[in-house]
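Asker: Have a look at this one.
The values are calculated or read from the model by the stated rules, or taken from the named source; none is laboratory data. Treat the numbers as computed from the prediction; the structure is a model and nothing was measured. Here the Cβ is made from the backbone with ideal geometry for all residues, glycine too, and neighbour counts use every protein chain on show.
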Amino acid sequence: MKINEYADAEMMMIEVAQEIASDLETALEANGKASFAVPGGTTPAPLFDVLCAADIDWANVTVVQTDERWVPDSSPRSNAKLIREHLLADRAAHAKFVSLYNHCENPEDEIEETRAKVADLLPLSVVLLGVGADMHTASLFPGGDNLALAIDPAAPLVMPMRVDSQDEPRITLTEPALNSAMHKHIVVTGAEKKAALERAQGLSGMKAPVTKVWGGARIHWAES
Ligand SMILES: O=C1O[C@H](COP(=O)(O)O)[C@@H](O)[C@H](O)[C@H]1O
C-alpha cells in the first residue's frame, strides 16, 4: 500500500480530478462509453466541483454510486444529493446517473433490479472511494451484518448493509463490483484517516474492509 502525499487538499483534488478525467477519456476512446462509481460522505465534494468541468464526452459516461444511506434523495445525509449537486453539474450534467436508492422502504426491496442495472455497467471504468477512520470504504463497514459475503469475490454485485455505528441502513457495491474497475482511486484527507490506512495494513478484510479493494488503487492523501 503506497500513499501519494500532496502539499494540500486543494492541489490534491485538482490533480486527482485530472487523473480521473484522463482515465474516463481512455475508457471512452476504447469503448465509446465509460462507467464511473463515486462515493458520498464529506471528502469528495471539492473533487467533484473540479471534475464536473472536465472537457470529456460526459453524455457517454454513466455515474453510479459506490454506496448509499437508505434515506430520501432530499435528506442532507443522501449521497445522491451530494453527487447531483457537486458532480452532475457543469459539463458533467450530461452524464447518466444510476442511483442505488430506489424509494422503497428497505434496501432489500427490488434489489435485483438494482443489481441488474449495475451488472450492465461492469467492468467499471473508474472507481473513486473514500475511507472512514474505522477503515470502512463504500458501505463495507467493520461489524456490518453482510460484510463477510460483501467482501467475497462471489458476492452479489450490490448488497444491503446494517451496522450499529450507523443510524440508517446502507446499500453498497461489493468486492466483485468494486474490483472490476480498470482504474481505482482512493482519496483521503487528515491525519486520522492516514493513520487508519496505515493501521489497516496486515489486518483482515473483516477488520479493515478497505484492504479488500485497495489492490491496484492509487491512494491520494493530503493533511487538509
Ligand atoms: O459513509 C460514508 O463514508 C465514506 C467516507 O466518507 P467521509 O465523509 O469520511 O469522506 C464514503 O466514502 C461513503 O461513500 C459514505 O457513504
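This table checks each residue for (1) within 14 Å of the ligand (Cβ to nearest atom); (2) without any contact (Cβ under 8 Å) to a residue 24 or more places away in the chain; (3) more than 17 Å from the chain's Cα centre (by Cα); (4) under 17 Å from V126 (Cα atoms).
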| position | (1), (2), (3), (4) |
| --- | --- |
| D49 | no, no, no, no |
| T62 | no, no, no, yes |
| R77 | yes, no, no, no |
| A80 | yes, no, no, no |
| H86 | yes, no, no, no |
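Asker: Being of a type outside the set (D, E, K, R), over 30 Å from E110 (Cβ atoms) and within 13 Å of the ligand (Cβ to nearest atom) is true for just one of A9, A37. Which residue is that?
Answerer: Every option except A9 fails the conditions.
Asker: Given G216, G202, which one is modelled with pLDDT under 95 and more than 10 Å from the ligand (Cβ to nearest atom)?
Answerer: Among G216, G202, only G202 is modelled with pLDDT under 95 and more than 10 Å from the ligand (Cβ to nearest atom).
Asker: Which residue out of E29, E68 is away from the ligand (no atom under 16 Å from the Cβ) and not aliphatic (A, V, I, L, M)?
Answerer: Details: E68 fails: away from the ligand (no atom under 16 Å from the Cβ).
So the residue among E29, E68 that is away from the ligand (no atom under 16 Å from the Cβ) and not aliphatic (A, V, I, L, M) is E29.
Asker: Select, from S74, S78, S22, the only residue that is out of contact with any Leu (no Cβ under 9 Å at 6 or more places or on another chain), polar (S, T, N, Q) and surrounded by 16 or more Cβ atoms within 10 Å (Cβ to Cβ).
Answerer: Going through S74, S78, S22 in turn, just one is out of contact with any Leu (no Cβ under 9 Å at 6 or more places or on another chain), polar (S, T, N, Q) and surrounded by 16 or more Cβ atoms within 10 Å (Cβ to Cβ): S78.
Asker: From S99, S165, grab the single residue that is within 14 Å of the ligand (Cβ to nearest atom) and over 18 Å from the mean Cα position of the chain (by Cα).
Answerer: Answer to the check: S165.
Asker: I would also like to ask the following. I need every pair where a residue in the range 1-17 that is buried (at least 18 other Cβ atoms within 10 Å of the Cβ) has its Cβ under 7 Å from the Cβ of a residue that is of a type in the set (S, T, Y) and at pLDDT 95 or above, sequence separation at least 6 or different chains.
Answerer: A9/T189; M12/Y6
Asker: Now a separate question. Please go through the range 1-56 and pick out each residue that is among the aromatic types (F, W, Y), outside any helix (DSSP H, G or I) and under 23 Å from E68 (Cα atoms).
Answerer: Answer for the range 1-56, where residues must be among the aromatic types (F, W, Y), outside any helix (DSSP H, G or I) and under 23 Å from E68 (Cα atoms): just F36.
Asker: Still on this structure: Is it the case that D67 is free of Cβ contacts under 8 Å to residues at least 40 places away in the same chain and charged (D, E, K, R)?
Answerer: Judged against the criteria, D67 is not a match.
Asker: How many residues, within the range 173-196, are within 12 Å of the ligand (Cβ to nearest atom) and surrounded by 17 or more Cβ atoms within 10 Å (Cβ to Cβ)?
Answerer: Residues of the range 173-196 that are within 12 Å of the ligand (Cβ to nearest atom), as a first pass: 173, 178, 185-190, 192-193, 196.
Then keep just the ones that are surrounded by 17 or more Cβ atoms within 10 Å (Cβ to Cβ); that gives 173, 178, 185-189, 193, 196.
Looking only at that region, the number is 9.
Asker: Please specify each residue of the range 44-70 satisfying the condition of being touching a strand residue (DSSP E or B) at 6+ places or on another chain (Cβ under 6 Å) and of a type in the set (S, T, N, Q).
Answerer: Result: T62, T66.
Asker: While we're here: Mind checking which residues of the range 131-144 are within 11 Å of the ligand (Cβ to nearest atom) and surrounded by fewer than 24 Cβ atoms within 10 Å (Cβ to Cβ)? Outline the logic, then answer.
Answerer: Our first condition is that a residue be within 11 Å of the ligand (Cβ to nearest atom); within the range 131-144, this holds for 131-141.
Result: G132, A133, D134, M135.
Asker: Please find, among R170, R162, R84, the residue that is buried (at least 16 other Cβ atoms within 10 Å of the Cβ) and more than 24 Å from L47 (Cα to Cα).
Answerer: Within the list R170, R162, R84, the selection yields R162.
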